[in-house]
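One structure is given here, and the rest of the page talks about it.
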Amino acid sequence: MIDLTSRVALVLAAGLWAAVAFAQQPAATPSAAGAAVPPSAAPAPKHSCVHPGEFPGKLASDRQQKQWQKDFVAYVDCLRKFVTDQQALAQPHVQAANATVEEYNQAVKEYNDTIQKLKDE
């Protein structure tokens, strides 16, 4: 049979072996550790609106001036639509971020209240 001293030595050796084995494991990544990983920065979309160019000037015909004005209105309308669409796409993300900030603020307030109660006791 194995005496108590041998058992202790065996347990210590096994513990040392396990410690060495764990020490050689790669470090946990932030996502594996449960930390939030920021999303990759996707390139921002760009509008495809076509700028009408320079105003043709007073010497241009009425037809050219009206065409430029029509093209300009189409350009500005395109820009407005792009902005509205992008704001609509961003809205759920803004709401989620705001809700998270509110949750964070509430959690910190509860923590501070708990600490204050412990100090007051």
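The values are calculated or read from the model by the stated rules, or taken from the named source; none is laboratory data. All values reported here derive from a predicted model rather than from experimental measurement. Here Cβ is always computed from backbone atoms with ideal geometry, including for glycine, and neighbour counts include all displayed protein chains. Each accessible area value is taken on the protein alone, full model and side chains, heavy atoms only, with ligands, DNA and RNA left out. Shrake-Rupley method; radii C 1.70, N 1.55, O 1.52, S 1.80 Å.
Numerical summary
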item: Accessible area, probe 1.4 Å, largest first, for residues SER61, SER48; result: SER48, SER61
item: For the stretch 43-118, accessible area per residue (1.4 Å probe, heavy atoms of protein chains only), Å²; result: 88 Å²
item: Solvent-accessible surface ranking, highest first, for LEU59, LEU79 at 1.4 angstrom; result: LEU59, LEU79
item: DSSP-loop trypsin sites (Lys or Arg not before Pro) across the stretch 42-121, with at most 14 other Cβ within 10 angstrom; result: LYS46, LYS58
item: Efficiency of FRET between GLN67 and LYS46 - r from beta-carbon atoms, R0 25 angstrom, step 0.05; result: 0.45
item: Distant-in-sequence amide H partners of ALA60 (H built 1.01 Å from N, under 5 Å); result: none
item: Label-point separation, LEU59 to GLN95 (7 Å along Cα→Cβ), nm; result: 5.6 nm
